[in-house]
């Protein structure tokens, strides 16, 4: 064997030995309890929410796992997460970027996201999120206020974000299986609304989420909206959305036969589109249908 090859193999063996020894002591001495306390305090400092996890561990090759975690916000918001797995990206770090993969088992399903972002420019972020079989009833129960409807079924989907002309573009779609919207209507039995799919196209610009298009399809027909959400993307975010409903004729006929709202709904018969506007906040949205505030 040539001398240079022998020297290279010897150097490689020593490097592997040193790397193995370092990893062994990293896993052996990893301060899981200290890191758990730090993570809880840091999430609270950055979001104002209370985060608690019962178990935190470092697993091979470089993954932080947490189990039985809860995230609690103001006004009764509470999200339980059975398992979290966070894997930082070494390749992104070597390029001067923050990035990695996070997987959550929550709301009866799973969420997986992969992202990377230049440290100097958050609007340069790229990534995608996959949703799988999230329980709709559990998802809507996260609302801090009682909702005038119930929801059944499961939702899956995919979202992508990437830079678009110095803005952060965000688009995606949701597929809904058995998505029945059950409206609690005091003046009669409201027809069950079957939701099928949701499509979103938007971008983030100067602290404002510009909605280029939201398209919802279901047994009621189709709903399209555009506009913006300003301020923090939380309960206090301000809504300014407008668009219309292109009603399904048979669904409209069911509504006209209902007591109380039947005469009102009959005014929309024959209309190609019913104007819709949504204002207020994400916590307390205000819906206006054909000039009538609901």
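When only Cα pairs below 8 angstrom with a gap of at least 6 residues are kept, region 46-119 shows a relative contact order of 21 percent.
Maximal additional length on extending the residue 41-residue 67 stretch stands at 7.6 nm, based on 0.36 nm per residue less the C-alpha distance. Inter-label distance, residue 251 to residue 86: 4.1 nm, where each label sits 7 Å from its Cα along the C-beta direction. Taking the empirical scaling 2.2 N^0.38 Å for compact globular proteins as reference, region 90-157 has a Cα radius of gyration ratio of 1.49.
Taken together, the values in this text are just the output of simple stated rules run on the coordinates, not laboratory data. Just so we're clear, the structure is a prediction, and the values are computed from it rather than from any experiment. Ideal geometry is used to build each Cβ from the backbone, glycine not excepted, and the neighbour counts take in all protein chains shown.
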